[in-house]
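Take a look at the structure below.
The numbers here are math on the coordinates, done by the rules we state, and not lab data. Being a predicted model, the structure only gives us computed values, none of them experimental. A quick note on method: Cβ atoms are made from the backbone with ideal geometry, for glycine too, and the neighbour counts reach across all protein chains shown.
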Amino acid sequence: MTIPAIDLQAQYKSIKNDIDAALKNVITNAHFVGGKEIGLLEEKIASLTNTKYAVALNSGTDALYLALLALEISKDDEVITSPFTFFATAEVICLLGAKPVFVDINPQTFNIDETQIEKAITKRTKAIMPVHMFGLPANMSAIRNIAKQHEIPIVEDACQAIAATYKGKPVGGLGTIGCFSFYPTKNLGAWGDGGMITTNNTKIATTIRMLRNHGSKRKYFNDRVGISSRLDTLQAAVLLAKLPHLNKWTKRRQSLAHYFNRVLKGVLGISTPFVDNKSEHVYNQYTIRLPANKRDKIQAVLKQNGIASIIYYPIPLHIIPALAYLGYDKEDFPEALKASQEVLSLPLYPELKESQIDFIAALLKQHVYSLTHYDV
Ligand SMILES: *Cc1c(COP(=O)(O)O)cnc(C)c1O
């Protein structure tokens, strides 16, 4: 048996007719940039996230970058975020000349530890960027209270969490700006790169619309310096064809995650993802913890048995080489460091079968137990 980390071919087979027709339509119309599909997708994402505006962009990274640029974050400003996330979250802060100020994570949720945010705030703090890690919303009530009290905007990195909810409200509309990615492995994936911002703020939406198009409202009459970050129409067509299936796919991810939780329950040495009754986790990743000194051996055993698993993320950002200049010490964020040594994301996608989970779980039980007890 081989079990990939994600099965995009199976997904395509299940919706082939819809996608093929949508693409053919774009090709026939030959309106490859800014076609009607873009506006339609923006409307649907705004509605999904319960926000007034959505602006389609070239990637999730650009969404984060333009969100900060629209908030006029620049040199010597500080942005508070998590050290346990994909590099892009911190990278965009640095690209603007600002400084990422990390706050350690809650070991259960993998999300920023809201109880430690306040002490990281200074006069220079210009934004808080929670990341809804693996698809589980951060503690937004607490973060919103802190942000409100200090009058600091919140930029949600919701790249892994489309359709996740916190206290019944969708992510992307819980802060000042929400950022999404349509990278192919995300829960709603394009056939290449894509991204989106969501907001209820008219000025921010208008600014980001300009910034994505070289800072111009009217062609060749540029008002400010922006970038080129439009979503192309073919990608919008793919996303529109997939969107009606998102809810069903999310439910299937949740059901498989719960199945995994049940079959791994009580296995010594394994901890399964935190189940938060305030939130709907959308399981972009199903991430377990293993004893740090066994994790890589277990991953090798899975690989020998045809099972793909991935370490998201092996190096926390406070010690990643590109950010060494920030001068953080390895021990500054012990929970992020520990997570990077213990996590393993197992295959989880809507087309996965329960029997495959049984197979993965049986291997884990056999090997985690023997490695833990007899140290082979
Ligand atoms: C995927 C991802 C991004 C970047 O999105 P791209 O579309 O790949 O640029 C940013 N942050 C997080 C947490 C992500 O998972």
### In segment 218-296, chymotrypsin sites (Phe, Trp or Tyr not before Pro) in a DSSP loop with at most 13 other beta-carbon atoms within 10 Å
Tyr220
### Message
If you wrap a convex hull around the alpha carbons of the chain, what volume per residue comes out, as a whole number of Å³?
### Response
136 Å³
### Message
List the GluC sites (Glu not before Pro) within segment 22-72 that DSSP assigns to loop and that have no more than 10 neighbouring Cβ atoms inside 10 Å.
### Response
Glu72
### Message
Could you order the peptides 26-33, 175-182 from most to least packed, using the average number of other C-beta atoms within 10 Å per residue?
### Response
175-182, 26-33
## Note on the structure
Expected vector for segment 85-101, Karplus 3J(HN,Hα) from phi with 6.51, -1.76, 1.60 and θ = phi - 60°, integer Hz, x for Gly and Pro, equals 7, 5, 3, 3, 4, 7, 4, 5, 5, 5, 4, 8, x, 8, 10, x, 10
### Task
May I ask you to evaluate 6.51 cos²θ - 1.76 cosθ + 1.60, the Karplus curve with θ = phi - 60°, for each residue of segment 228-245 and list the ³J(HN,Hα) values in order in whole Hz, giving x for glycine and proline?
9, 8, 8, 7, 8, 4, 4, 5, 4, 5, 4, 5, 5, 6, 7, 3, x, 9
### Query
What are the residues whose amide H is under 5 Å from the amide H of Asn284, where those residues sit 5 or more places off or on another chain and H is modelled from the backbone?
Gly135
## Note on the structure
Quick note, segment 276-350: a/c under 1.5 would make it rounded; otherwise a/b > b/c is prolate and the rest oblate (a ≥ b ≥ c, C-alpha gyration tensor); here it is oblate
### Query
Where does segment 72-150 land on the Kirkwood hydrodynamic radius, alpha-carbon pairs, in angstrom?
12.6 Å
### Query
Out of residues 5 or more away from Ser279 or on other chains, whose amide H comes under 5 Å of its own, with H placed 1.01 Å from N in the peptide plane?
Lys167
### Query
Any idea what Rg and Dmax come out to for segment 10-54 if you just take the C-alpha atoms, in Å?
13.0, 34
### Query
Going through segment 232-331, which trypsin sites (Lys or Arg not before Pro) have at most 13 other Cβ atoms within 10 Å and a DSSP loop state?
Lys265, Lys278
### Query
Of Leu231, Ile112, Ile307, whose Cα points farthest to the positive end of the dipole of the chain (charges on the beta-carbon: +1 Lys, Arg; -1 Asp, Glu; origin at the Cα centre)?
Leu231
### Task
With N denoting the number of residues in segment 1-135, provide Rg(C-alpha) divided by 2.2 N^0.38 Å, to two decimal places.
1.37
### Summary
Of 163-173, 131-141, ordering from highest average Cβ density within 10 Å down gives 131-141, 163-173
### Message
Rounded to whole Å, give me the distance from the Cα center of segment 136-155 to that of segment 297-369.
### Response
28 Å
### Query
To the nearest 500 deg cm²/dmol, what mean residue ellipticity at 222 nm is calculated for the chain from DSSP H runs of n ≥ 4 alone, each contributing -39,500 (n - 2.57), summed and divided by the residues?
-12000 deg cm²/dmol
### Derived scalar couplings ³J(HN,Hα) [segment 180-194; Karplus, 6.51 cos²θ - 1.76 cosθ + 1.60; whole Hz; x for Gly, Pro]
10, 10, 10, 3, x, 8, 6, 4, 10, x, 7, 9, x, 8, x
### Task
Run the quick spin-label model on His150 and Met1: label points 7 Å from Cα toward the beta carbon, then report their separation in nm to one decimal.
4.8 nm
### Message
Using the Cα centre of segment 132-273 as the reference point, and only Cβ charges (+1 on K/R, -1 on D/E), how large is the resulting charge dipole? Debye, rounded to the nearest 20.
### Response
380 debye
## Note on the structure
Other residues with Cβ under 10 Å from the Cβ of Asn58 give, with Lys and Arg +1 and Asp and Glu -1, a net charge of -1
